[in-house]
Amino acid sequence: MNIFQKKYLQFFIVVLALIAVPSSVFSQQRNHNEAAERILGALQTFETYFPQQKVYLHADKDEYLAGEQIWFKAYVVNATTHVPDTLSRNLHVKLITTTGDIASSMVLRLEEGTANGDIELPDSIAGGNYELVAFTDWMQNFSEHFLFKKDIYVINPIEENFIKLSDIIRNRRFNRHLARLENEMQFAFFPEGGNLLAGTENKVAFKAANALGAGLDASGTVTDNRGNEVLTFSTFHNGMGSFGFTPQAGVEYEARVKFANGETKRVKLPKADSQAIMLSAENQGETIKVRVQTNTGLNPLADKLYLLAHARGRAHHFEQVRLSENLFTVSIPAGDIPTGVYHVMLVTAEGQAVAERLVFVNHNDLLNADIIDIELKENAGVASLNLSFGDGLAAGSYSLAIVESGTVETSHSSSIASELLLRSDIGYSLKDAMFYFDADEADASQAMDLVMMTHGWKRFDLQEIINENYPEIVYGFPQG
């Protein structure tokens, strides 16, 4: 047999194999390829032409006296890769009052994604709450959720010598407004994936908070519309908690919530649907186990869905959902998923989200370098500081805040890690944000998962970018 005959035989075998495959398989594969091209292509286009940025300001303190200076160092990174940003040259930093007025404003020159500066607080500045805001020109094209914001407090012990009567009245009104919001109770349920599937056990998260977003302790009882008690629940951490629940079709459920201050509230649970599609995702360390469940015969979308998972907007996993006995499961290896928020979605071929769930992947790879020796010498008003570090530091750009002894307490307050890995993707500031990253806290992992269940992805809407409804670009990258 010559070479031509061998090639012809191979081709003939391939043709026979193709003939043996049902035409429906080719149709499914073609649909899968078209959906992949549409959805994954839209994500790539958005990352390429609308690159996102994140900013973090490391300030030396959270509280200041009038007449002091706010010292800070700024870091700007690419929102997807978290490498230093080199597109922007300017960074805007503003100090904003509670009424939205600008108390101080400056533009800093960025060098390889970093800058440093200070804000001098005049002796006459009014005491109270202020907000430190930082952003690049480019970031103004997108939602203000992603601007860096930090609350600081200013104390002015001799304020009565400077402050106007109108400012005193304004501050009193603001304080009364805060007091009203602090006493305004809120409560909400969050079914995992967004839907309640009737006749199946669902996981439901909940959050109790005041109108300022501060989590509150609460407990409650769920009853059905016949008055039967179904379950009891209580908060686990920072106003959040969860429970397992098997709702029945056609039955309505209501919770009677009691807050720590004694106030009660009645809240209806979302309606359970026999045609719903349930999505669950569990971080099992080495893998992310994803489970999709529905009633195939009842839901026309059941066989036309795709599982998309992305990390910071970069697609990581994509496949068509194929149900077997109303169930689809897959274990996604977590080894190459970067530490941070992982967005798991069930979408149609057009990119419409049917269910979605956030999962936090934590490889415990945050840099944790300890300062092992500090020597401070004073000579003629000049302080000399010698620092010795352990082996944890890698090459890079760092900042160190030095304040008077006893003025700062060790806490779980936010840091560059919680800002870049968490707050800047969910668009919400958490109390004691570094608690969720603390490996020594036994409840940290479970509490973090509750954060994921009670918050959503904020950086973009997939269907909007698939339909090319991009943000209007008004601000560019000025070089001057």
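Considering only segment 246-257, I want to know if a residue exists there that is in contact with a helix residue (DSSP H, G or I) (Cβ under 8 Å, 6 or more places away or on another chain), open to solvent by less than 70 Å² (accessible area, probe 1.4 Å) and in contact (Cβ under 8 Å) with a residue 12 or more places away in the chain. Give the derivation first.
The initial filter retains those residues of segment 246-257 that are in contact with a helix residue (DSSP H, G or I) (Cβ under 8 Å, 6 or more places away or on another chain), namely none.
There is no residue in segment 246-257 that is in contact with a helix residue (DSSP H, G or I) (Cβ under 8 Å, 6 or more places away or on another chain), open to solvent by less than 70 Å² (accessible area, probe 1.4 Å) and in contact (Cβ under 8 Å) with a residue 12 or more places away in the chain.
Okay, residues lined up against (1) touching a Ser or Thr at 6+ places or on another chain (Cβ under 8 Å); (2) open to solvent by 30 Å² or more (accessible area, probe 1.4 Å); (3) at pLDDT 90 or above:
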position	(1), (2), (3)
434	yes, yes, yes
441	no, yes, yes
446	no, yes, yes
451	no, no, yes
461	no, yes, yes
466	no, no, yes
469	no, yes, yes
474	no, yes, yes
477	yes, yes, yes
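I'd like the full set of residues that are of a type outside the set (Phe, Trp, Tyr) and either surrounded by fewer than 17 Cβ atoms within 10 Å (Cβ to Cβ) or part of a strand (DSSP E or B) (or both), limited to segment 327-338. Outline the logic, then answer.
The initial filter retains those residues of segment 327-338 that are of a type outside the set (Phe, Trp, Tyr), namely 327, 329-338.
Matches in segment 327-338: 327, 329, 330, 331, 332, 333, 335, 336.
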Residues within segment 200-239 that are within 28 Å of residue 275 (Cα to Cα) and either in contact (Cβ under 8 Å) with a residue 24 or more places away in the chain or out of contact with any strand residue (DSSP E or B) (no Cβ under 7 Å at 6 or more places or on another chain) (or both), tallied: 17
Can you report the number of residues in segment 65-89 which are assigned to a strand (DSSP E or B), closer than 19 Å to residue 415 by Cβ and of a type in the set (A, V, I, L, M, F, W, C)? 6
Specify which of the listed residues (144, 120) is within 23 Å of the chain's Cα centre (by Cα), open to solvent by 30 Å² or more (accessible area, probe 1.4 Å) and of a type in the set (Asp, Glu). 144
Against the conditions (1) modelled with pLDDT of 95 or more; (2) open to solvent by 50 Å² or more (accessible area, probe 1.4 Å), where does residue 80 fall short? Just the number, please. (2)
Surrounded by fewer than 16 Cβ atoms within 10 Å (Cβ to Cβ), over 27 Å from residue 313 (Cα atoms) and touching a residue at least 60 places away in the same chain (Cβ under 8 Å): does that describe residue 60? no
Residue check, residue 315 against (1) open to solvent by 40 Å² or more (accessible area, probe 1.4 Å); (2) small (Gly, Ala, Ser); (3) touching a His at 6+ places or on another chain (Cβ under 9 Å), all met but one. Which one? (3)
When the residues of segment 90-106 are filtered to those that are surrounded by fewer than 17 Cβ atoms within 10 Å (Cβ to Cβ) and part of a loop (DSSP other than H, G, I, E, B), which remaining residue is nearest to the chain's Cα centre (by Cα)? 100
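The values are calculated or read from the model by the stated rules, or taken from the named source; none is laboratory data. Being a predicted model, the structure only gives us computed values, none of them experimental. So basically every Cβ, Gly included, is an ideal-geometry build from the backbone, and we count neighbours across all protein chains shown. For accessibility, only protein heavy atoms count, side chains too; no ligands or nucleic acids. Shrake-Rupley method; radii C 1.70, N 1.55, O 1.52, S 1.80 Å.
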